[in-house]
1. Can you tally the net charge around Phe66? Count Lys and Arg as +1, Asp and Glu as -1, for every other residue whose Cβ sits under 10 Å from the Cβ of Phe66.
2. What dipole magnitude, in Debye to the nearest 20, does the chain give about its Cα centre under +1 on Lys/Arg Cβ and -1 on Asp/Glu Cβ?
3. Helix 210-229 versus the longest principal axis of the chain: what is the Cα-based angle in degrees, 0 to 90, to the nearest 10?
4. Kindly write out, for the stretch 107-115 in residue order, the coupling ³J(HN,Hα) from the Karplus curve 6.51 cos²θ - 1.76 cosθ + 1.60 (θ = phi - 60°), rounded to whole Hz, with x marking Gly and Pro.
5. Which whole-Hz couplings ³J(HN,Hα) result when phi for each residue of the stretch 341-352 is put into the Karplus expression 6.51 cos²θ - 1.76 cosθ + 1.60, θ = phi - 60°, listed in order with x for Gly and Pro?
6. Which residue, Leu289, Leu125, Leu188, tops the fluctuation ranking in a GNM of the chain built on C-alpha contacts under 10 Å?
7. Would you work out if the chain is rounded, prolate or oblate? Take a ≥ b ≥ c from the square roots of the eigenvalues of the alpha-carbon gyration tensor; rounded if a/c is under 1.5, else prolate when a/b is larger than b/c, oblate otherwise.
8. Using only Cα atoms, what Kirkwood radius does the stretch 105-278 have, in angstroms?
Amino acid sequence: MSERTVFHYIDDVLSCEDVCLDDLANAYGTPLYVTSKKSLLESAGEFEKAFASLPHLTCYSVKANFNLSVIRTFVETGFGCDVNSGGELFRALNAGVSGGKIIFAGVGKRDDEIAYALDSGVLMLKVESLSELRAIDRVAADKGVVAPIALRINPNVTAETHPYITTGDSKEKFGIDQTGLEEAFTLLGSLDSVRLVCLDMHIGSQIFDPEYYVAATEVLLDVFETAKGLGFSVGYLDIGGGFPVTYDARKPATPITHFAEKLIPLLAPAGVMVIFEPGRFLVANASVLLSRILYKKRNHTGKRFFIIDAGMTELIRPALYQSHHEVLSVHRHEDSVIADVVGPVCESSDFFCRQRVVDDADEGELLAVLSSGAYAAVMSSNYNGRLRPAEVMVDGSKARLIRRRESYDQLIANELF
């Protein structure tokens, strides 16, 4: 999915679908997240078409972008949700998804979150350690219910991605590796208030090579056969998400159809419902971060800086992951310069790109940071006392405010003298 299908120039003005971005900046201010509903739906449709021949449930990974309107867009297509905390569960329920289509994940669930999930009737809770399994059994027993659980397997597959977003390596904190499975199955057989319904894995994010999924899925299927041999009735296999998107045109993402071609023949013979958890794949290229140039400067070496009113507080990925985001001028210019595009935050890591060719836009003009739909607003912060931006969703020629800009009063609303 390329954001240029929805973010494109109309008479040399960058637009989202049929709405010019400068009109949105004038109406709602900057910084501003702008999301295309068409892009969300197209990505969802592309994913569903690829896996259409496989009985499956797609659960949108809420952690990628938890705006209620974004979640609801996917819920209306029939998707469920994958949540990682009580707060994400609260958001998913308020966006309209039924508890029976929600998977509760996360390596560190508190008792109150486990209770909230059980009260909400979630499809399953993922278990990532034996201690957590005992905790879920205890909370469920106190409530007089049997908790449906998924055992998260760590397949010990190290995918080629950024080390901070690999999750299938046994050196990381996620899941139960194969050396712990015998003990896990023995414990499961002794507990009365949990029921194994699913085997699960997740090997990371931005994984371009389908063969990593193949290797991990083969491990999962081996565990599935072991579980069946021990008498467990497992109705779901969850292979997670992590499917790639294009951030840098020089490194195009592997098409989702290539993953489907490899995975469907492996999974179909199991005869169970397969669960997918795409997040980034659905939302990354559906949004831009719109920002205004505050100042332009040159240092004694001649190096140029564009200082804009968005920063790492609105998009931390370049600072955290050294990630690439394209930066476009909202109004096209014939001339370009090599410059750093940086924010106002008091950190040297507060930049969007370094020594990049950008349009020679003037102070007061607008820049758009592309691919800002995943892990942008959800990871935003109030560092330096900054206010979280407004969010707008565009649908054709209409734009709708889906999150108000924070106020100074909100910054201190929960504090007490």
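Readers should treat all values here as calculations from the given coordinates under stated rules, not as data from a laboratory. Since this is a predicted model, take the numbers as computed values, not measurements. A quick note on method: Cβ atoms are made from the backbone with ideal geometry, for glycine too, and the neighbour counts reach across all protein chains shown.
1. Details: positive: Lys63, Arg91; negative: Glu88.
With Lys, Arg at +1 and Asp, Glu at -1, the neighbours total +1.
2. Details: 40 positive and 56 negative charges, 81 e Å.
Rounded to the nearest 20 debye, it is 400 debye.
3. 20 degrees
4. 7, x, 7, 7, 4, 5, 6, 4, 4
5. Here the 3J(HN,Hα) series is 9, 10, x, x, 6, 7, 9, 5, 7, 7, 9, 9 Hz.
6. In this elastic network of the chain, the residue with the biggest mean-square fluctuation among Leu289, Leu125, Leu188 is Leu188.
7. Values: a/c = 2.05, a/b = 1.78, b/c = 1.15.
Because a/c hits 1.5 or more and a/b exceeds b/c, the chain counts as prolate.
8. Values: mean 1/r = 0.0598 Å⁻¹.
One over the average 1/r among Cα pairs gives 16.7 Å for the stretch 105-278.
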